[in-house]
Amino acid sequence: MTPTPAYSRSTALAWSPWRTVVAFGLVSLAADMVYEGMRAVAGPFLGSLGAFDRYGGRVLLVVPLVVATVPPLVFAPTLSPVLIGVALWDVATGIQDSTCACREPRHRL
């Protein structure tokens, strides 16, 4: 019997550069879907709550507090805190976008 070499053709095909590129693409696609999906929902949802109508520009004071919780979550070793961090980031941008949209002056035609 001949000993098997430490590096064989079967182990070389196990993880090719193309598989790495495809894996990065799939991770990027999933991250974009979560980010853009939450961003599409956060603004209208927060607008429906009427926070700006009740509190005015003071709603923006919450944004730094929400954003401060994001870095520890997105750098966590497991997936669920990362997704929660992405959702909180989107909530913060939704608050800012919906509040700034309400602050724009109305133009008369």
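Derivation of every value follows stated rules applied to the coordinates shown; laboratory data play no part. This is a predicted model, so every value here is computed, not measured. We place every Cβ from the backbone using ideal geometry, glycine too, and count neighbours over all the protein chains shown.
Results, tabulated for the structure shown:
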| quantity | calculated |
| --- | --- |
| Label-point separation in nm, LEU65 to ALA30, each point 7 Å along Cα→Cβ | 3.3 |
| Kirkwood Rh and Cα Rg combined as Rg over Rh, evaluated for the stretch 30-74 | 1.04 |
| Positive-end residue, the stretch 30-103 charge dipole about Cα centroid, Cβ charges, pick of ALA30, ILE95, VAL62 | VAL62 |
